[in-house]
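The values are calculated or read from the model by the stated rules, or taken from the named source; none is laboratory data. These figures come from a predicted structure and were not determined experimentally. Positions of Cβ are generated from backbone atoms using ideal geometry, with glycine treated the same way; all protein chains shown enter the neighbour counts.
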Amino acid sequence: MAKAASMHIGPYDVSVTRKRIKNLYLRVLPQGGGIAVSAPLRTGDAEISRFVLSREDWIERQIERQGSLTPCGFEDGDEVPYFGKRLTLRLLYRTGRVRAERKGDALELSIKREADEAARRKAIDAWYRAELYEAAGAMLPAIERTVGKRAGELRVRDMKTRWGTCNTKTANITLNLRLAQRPAECLRYVLTHELCHLHEPGHGERFWRRMDEYYPDWKRVRKLLKRGI
């Protein structure tokens, strides 16, 4: 007979089902549903905790992959996500330099009429990149004071499986371009998370204690990264 229980392991809410099996199995549930572990009947809580924490990097990749956004079609009138808001895309067909500019609740994209979807996407991504650099640069000094560590170079890339990375040797931080589509507090969470790696390279208990200290609301904010805006 299967036996179900709930556990809190590190940053995760874990549902544990003990049943007549030989090995431990783990799944990341969709829609921010937490972690599900299937375990042999006699497996103790300590062993389950070690098993989950040993898979943290894999778990984080699955969470981030589930949180990827579906881009708009880049047609006139489409909604463009911008730091938790929705801007209405307005295409202005003009000759000359391609330019994207926010005007209130609209994003005006000046572009040639013959420009295809790939060209429109490239122009909007360039605008996202500039906006993310500006937002991160404005936010970073206060976070550095809180965490007690300073970042090296800030970089932005369109990453597929991670919201951010930190090189612990150079202190360089790379941010996912798509953070410009998420609420601004998600950017604060990622910057705090990556700076904490300058104290603790891994995702052990000491790392999450630092997150609790430097950004007490991080669990709620991380859930925003698991779903669309």
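Hey, P81 hits all of (1) outside any loop (DSSP other than H, G, I, E, B); (2) of a type outside the set (A, V, I, L, M); (3) surrounded by 13 or more Cβ atoms within 10 Å (Cβ to Cβ); (4) free of Cβ contacts under 8 Å to residues at least 60 places away in the same chain but one; which does it fall short on?
Here P81 meets the rest and fails (4).
Looking at (1) buried (at least 16 other Cβ atoms within 10 Å of the Cβ); (2) under 30 Å from R90 (Cβ atoms), can you tell me which one A171 breaks?
All conditions pass for A171, except number (2).
Would you say R86 is among the basic types (K, R) and over 29 Å from R222 (Cβ atoms)? If you could, list the steps in order and put the result at the bottom.
Numbers: among the basic types (K, R): yes; over 29 Å from R222 (Cβ atoms): no.
For R86, the condition - among the basic types (K, R) and over 29 Å from R222 (Cβ atoms) - is not met.
Which members of the range 137-192 meet the condition of being among the β-branched types (V, I, T), out of contact with any Leu (no Cβ under 9 Å at 6 or more places or on another chain) and within 18 Å of Y214 (Cβ to Cβ)? Step through it out loud before you land on a result.
Our first condition is that a residue be among the β-branched types (V, I, T); within the range 137-192, this holds for 143, 146-147, 156, 161, 165, 168, 170, 173-174, 190, 192.
Filter once more, keeping what is out of contact with any Leu (no Cβ under 9 Å at 6 or more places or on another chain): 161, 170, 192.
Selection gives T192 alone.
Of these, G44, G33, G67, which one is modelled with pLDDT under 90, among the small types (G, A, S) and more than 30 Å from R121 (Cβ to Cβ)?
On the way: G44 fails: modelled with pLDDT under 90; G67 fails: more than 30 Å from R121 (Cβ to Cβ).
Among G44, G33, G67, only G33 is modelled with pLDDT under 90, among the small types (G, A, S) and more than 30 Å from R121 (Cβ to Cβ).
Which count do you get for residues in the range 186-204 that are surrounded by fewer than 17 Cβ atoms within 10 Å (Cβ to Cβ) and modelled with pLDDT of 90 or more?
Just the residues of the range 186-204 that are surrounded by fewer than 17 Cβ atoms within 10 Å (Cβ to Cβ), to begin with: 199-202, 204.
Next, only the ones that are modelled with pLDDT of 90 or more stay: 199-201.
Total meeting the criteria: 3.
Hey, among the residues in the range 140-161 that are within 18 Å of the chain's Cα centre (by Cα) and of a type in the set (V, I, T), which one's farthest from L175 (Cα to Cα)?
Residues of the range 140-161 within 18 Å of the chain's Cα centre (by Cα): 140, 143, 154-161.
In the following step, the residues that additionally are of a type in the set (V, I, T) were identified as 143, 156, 161.
Working: I143: 15, V156: 5, T161: 12 Å.
Residue satisfying both the conditions and the ranking: I143.
Can you find, within the range 87-137, the residue that is farthest from the chain's Cα centre (by Cα) among those that are among the acidic types (D, E), exposed (fewer than 15 other Cβ atoms within 10 Å of the Cβ) and part of a helix (DSSP H, G or I)? Give the steps one after another, and end with the answer.
Start the filter on the range 87-137 by keeping residues that are among the acidic types (D, E), which leaves 101, 105, 108, 114, 116-117, 125, 131, 134.
Next cut, exposed (fewer than 15 other Cβ atoms within 10 Å of the Cβ) only: 101, 105, 114, 116-117, 134.
Now narrow it down to the ones that are part of a helix (DSSP H, G or I): 117, 134.
Numbers: E117: 26, E134: 18 Å.
Going through the qualifying residues, I end up with E117.
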